[in-house]
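These notes concern the structure reproduced below.
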Amino acid sequence: MGQFAAGFKKWMVIAAGLAMLLVVLLVSQFLIFEKDEGYQATAFAMGSYVQQTLYGTDAEEVSSDAAHAVTELEQLISWRVDGSDIAALNQAAGEEAVQLDVRTMDVLSRALSVAQATNGAYDPTVLPVSSLWNFDTDEPMLPDQVDLLDSLENVGYGFLTMNEAAQTASLAHQGNGVDLGGIGKGAACDAAVEVYRASDVDAAIVAVGGSIGLYGSKPDGSDWLVAVRDPNGTQNDSLGVLALQDGFVSTSGSYEKTFTVDGQTYHHLLDPNTGYPAQSDLVSVTVVCENGALSDALATACFVLGLEDSLPVLRAFDAEALFIDQENRITIAGDLSFELRSSSYTVSRQEL
Amino acid sequence: MKSSARFVAFTGILAALSLILSMLENLLPPVPGMPPGAKLGLSNIVSMYAAGSMGLMPALALALTKGIFSFVTRGVTAGLMSTSGAVCSTLVVWLLLGKCRFGLMGASAAGALAHNGAQLMVAYLLTSSAVLYYAPVLVLLGTASGVVTALALHAVFQPLERLRQTGW
Amino acid sequence: MSGRFPLFRKRDLLVFLVAFLLAAAGFWRWIPSDDALIAVVEQNGEVVKRVDLERVTEPETLTLEGDVTVTVLFEPGQVSITNSDCPDQVCVRTGVLTRSGQSAVCLPARVAVRIEGENASGADGMTG
C-alpha cells in the first residue's frame, strides 16, 4: 500500500518486533516457571496428625492461620479440655442451659441432625459409655458390663436440647454428657477450609487424622486424588484412589484403634444403642459430602448401621460413600469416581 | 490494486471467509484428551494470506473483525482471547513473511505460536494458572497446526491471488 | 505467484528450533524430581531433623526424648521408627518407609517421620 509513509512502516516493524519479543519472553517465562509443588505444613491437633498442602499466595501464613483455627476449635469442642464449651455443657447437665460459641453450636447441631436421622447410630451424647472405654487415650480398657449397662441409660440424643436463637444448649440429667470425638476431625477440616476460603490461596488440602477437606482446584486443574487406606495394611497402604473436586472425606475404620482382651479384639466404633463396638460386617466406611463434620459423623453412623440401612441416610444428606466389608468387597454408593489399585478386593456399585 | 472499492470488497470477502472457517471449526467435535485452547486454526489461512499478500493494515482489520465477532457471539473472555491471539499472530506472520522472507511453514508455525502464546497470557490473566500446565503441549500442537495451515494456504494461494487481481 | 511465498525456506528451521526448545523447556518441568529421598522428623509439629536417605551409608539412630521416647533409625534409602514407649505401638508397626509420601506417626509422642514429596500412590492425601 503505497499511501503509507515510509516512516510509519518503520514504526510498525519496530512495534511488531517488540510485540513478538514480548510474547516469546512471556511464554518462555511460564515454561521455565517451577511447577507449583504446594506448601506443606504439619501439626498435632484434635488428637491427630494434621497435614496441609496449600497452593497459591500467602500459603505459609494461611496454613498457620488454619492450624490455629483447628486448635481453637479443639479448645471449644473437646470435652477433655477444662473450660471448653462442651466441658461446661457436661458440667451443667441436669441444671441449666449453657451459652455456646457459634462454632460449637454449628458442630453440635450437625451432630444432632445426624443422630436424629440415624436413630442414634451416631450419637453425640455417648460420653457416659465412651468414657468407660477410654478409646481417646493411649490406654483403652474393657469396661465392667454392669457399669456399661448403667451408663447406657444416660445415652440418648433426646437428652440434648439446643436453642439456636439464644445460642444455648442443655443436657436433661446429671450423668448425661456430650463427646464430639466422632465428628471433631471432620469439623476441624471445616474450620481449616473456612480459613482457606477467606484467604488468597488458590487451592488447599487438609488432612486431620483420616478426615480430609478439599478446597479449590489444583494448579494443573486436575481432580484431587484421595487414597483410601487398605484396612488390611499399615498406615501407608492404600487399596485405591478417589478422584474428587472440592468437598470433604471422612473414614471410620475398625482397624484404627483396637485392643485385645482374652483373645477378643475390641475396636473404637461404639454402637450407642448397645454400648459395645458395633457388630456390622463392615471394616471401613468412607463418606464424601459437602461438610466435614457431616462426613465424619455419617462415616461413624454408616459403620454402625451397615450397608443397607445407610443408603437412605446418605440420600437424605446428599452424601456418597465407599463401604469395605470383612469379605474384602468394596461397595460404592453413588457416582464416586474410584480407581481400585489392589488385587485383593472386588468393587460393586449401589445406586443412591 | 486498481480501485479502492474492489480492495474493500475483497477484504470483506476474506473477512467472511475467515468467520466461516472459524465457525466450521467450532462445529467439529472436540478431540478427547486435547487441552483446552488447542485448535486447528483454519481461519489463520485467511489471516496469513492477507498479511503476506495484501499488507499489514488489511490483515489487522481482518484480525479485529474476527475478534469483534467473538466478542459478540461468545462473550468478553473469548473475545479478548481471540482478539489478542489474532492480532499477535498477524503481526508475527506479516513480519516473517513480508519483511524477513521466511517460508509459509515457518511464518505459519511462528504465527500459531504467537496466537497460542497471546491466548495463554490472556487466559492466565483472566482465569487461573491451570492453563499454563498445558503450555508445552500447546507449543507442539501450535507448530503442527501451523504446518497444516501452511500446506492449506499453499494449495489455495493461486486461486485467491486470481480472485484478488481479476475479481473472479 | 506462489514463487513469492515458497512453502518452505531453510530459515523456517529457525522457527521450528525455537518451538522445539520452548516445548522441551516446558516438558522438562513435568519430570518429577524423584531422585532425592528426604526424611523429615518432626516433634510437636517442629522439624527436628532432615536426612537425605540416598546419602546414608551407615545405619544411624536418633532418639527423641520426651514424655514418650521414640527412636528413629535411618538406613541407606529407608527410615523407620524402631522403638517407642507408647502403648499402642502403631508407629513401630508401620514398618519401614522407603518412598516419598509415606509417613509413620506416633501420636502419644507427637512425633512424625515422613518422606517428602507426593504420596507414594500419586494421591494428594489419604483417608482412613
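The values are calculated or read from the model by the stated rules, or taken from the named source; none is laboratory data. What you see is a predicted model; the values in this text were computed from it and never measured. A quick note on method: Cβ atoms are made from the backbone with ideal geometry, for glycine too, and the neighbour counts reach across all protein chains shown. Accessible surface areas use protein heavy atoms only, side chains included; no ligands, DNA or RNA. Shrake-Rupley method; radii C 1.70, N 1.55, O 1.52, S 1.80 Å.
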Other chains near A:194-207: what is the mean number of their Cβ atoms within 10 Å of each residue's Cβ? 1
What angle, in degrees between 0 and 90 and rounded to the nearest 10, separates the Cα long axis of helix A:6-32 from the longest principal axis of the Cα atoms of chain A? 30 degrees
Free-by-geometry Cys in chain C, Cβ-Cβ under 4.7 Å as pairing rule, reported as C:Cys86
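Under the √(5λ) rule applied to the eigenvalues of the Cα gyration tensor, what semi-axes describe the equivalent ellipsoid of chain C? Give them in Å, descending.
So the three semi-axes of chain C are 52, 15, 11 Å.
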Average Cα contact separation per residue, chain C, under 8 Å, 6 or more apart, as relative contact order %: 19 percent
Hey, can you find the accessible area per residue of the protein assembly as shown for me, probe 1.4 Å, expressed in square angstrom? 46 Å²
Name the long-range amide H neighbours of C:Val79: under 5 Å, sequence gap of 5 or more, or other chain; modelled H, no Pro or chain starts. C:Leu97
Per residue of A:248-255, other chain Cβ atoms within 10 Å number on average 2
Largest first, what is the accessible-area ranking of A:Leu112, B:Leu163 with a 1.4 Å probe? B:Leu163, A:Leu112
Burial-style ranking of C:37-46, A:50-59, average other-beta-carbon count within 10 Å with highest first, yields A:50-59, C:37-46
To the nearest hundred square angstrom, how large is the accessible surface buried between A and B, total for both chains, probe 1.4 angstrom? 1800 Å²
Value of relative contact order over the range B:56-98, rounded to a whole percent, pairs C-alpha under 8 Å and six or more apart: 43 percent
Please list C:48-54, C:67-73 highest first by mean number of surrounding beta-carbon atoms within 10 Å per residue. C:67-73, C:48-54
Explain nothing, just compute: Karplus ³J(HN,Hα) = 6.51 cos²θ - 1.76 cosθ + 1.60, θ = phi - 60°, for every residue of the range C:57-67 in order, whole Hz, x for Gly and Pro. 10, 10, x, 9, 10, 10, 10, 9, 7, x, 4
Just from its helices, what would the mean residue ellipticity at 222 nm be for chain A, if runs of 4 or more DSSP H residues each count -39500 (n - 2.57) and the sum is divided by every residue, rounded to the nearest 500 deg cm²/dmol? -11000 deg cm²/dmol
Which entries in the list B:Lys66/C:Lys10; B:Lys99/C:Lys10; A:Lys257/C:Lys49; A:Lys218/B:Lys66; A:Lys218/C:Lys49 go over 26 Å, if you measure between the two C-alpha atoms of each? B:Lys66/C:Lys10; A:Lys257/C:Lys49; A:Lys218/B:Lys66; A:Lys218/C:Lys49
I'd like the carbon and sulfur percentage of the solvent accessible area for the protein assembly as shown, probe radius 1.4 Å, heavy atoms only, ligands and nucleic acids excluded. 55 percent
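Ordered by packing density, taken as the mean number of other Cβ atoms within 10 Å over each peptide's residues, highest first, how do A:331-338, B:103-110, A:254-261 rank? Intermediate results must be reported in sequence, preceding the final value.
On the way: A:331-338: 17.5, B:103-110: 28.8, A:254-261: 15.8.
Highest-to-lowest ranking by the protection proxy: B:103-110, A:331-338, A:254-261.
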Would you mind giving the total buried accessible surface between chains A and C, with a 1.4 Å probe and ligands, DNA and RNA left out, rounded to the nearest 100 Å²? 3000 Å²
Hits among aspartates and glutamates - C-alpha to C-alpha of B:Lys39 under 16 Å, sequence gap 8 or more where chains match: B:Glu25
Could you list which residues have their amide H under 5 Å from that of A:Phe135, counting only those 5 or more apart in sequence or on another chain, with H placed in the peptide plane? none
Please list log₁₀ I(q)/I(0) at q = 0.17 Å⁻¹ for chain B, using the Debye equation with identical point scatterers on the alpha-carbon positions. -1.01
With a 1.4 Å probe on protein heavy atoms only, tell me which residues of the range C:79-99 lose at least 30 Å² of accessible surface in the complex relative to the chain by itself. C:Pro87, C:Thr94
Mean other chain Cβ within 10 Å across A:219-225 is 5
Quick check: convex hull over the Cα atoms of chain A, volume per residue in Å³, rounded to an integer? 196 Å³
On Cα atoms only, tilt of A:102-117 relative to the major axis of chain A in degrees: 60 degrees
Would you mind computing Rg(Cα) / (2.2 N^0.38 Å) for the protein assembly as shown, counting N as its residues? 1.25
Please list, ordered by chain and number, the residues whose modelled amide H lies under 5 Å from the amide H of A:Val178; skip anything fewer than 5 residues away on the same chain. A:Asn90
At 222 nm, what value in deg cm²/dmol follows for chain B if DSSP H runs of at least 4 each add -39500 (n - 2.57) and the sum is divided by all its residues, to the nearest 500? -25000 deg cm²/dmol
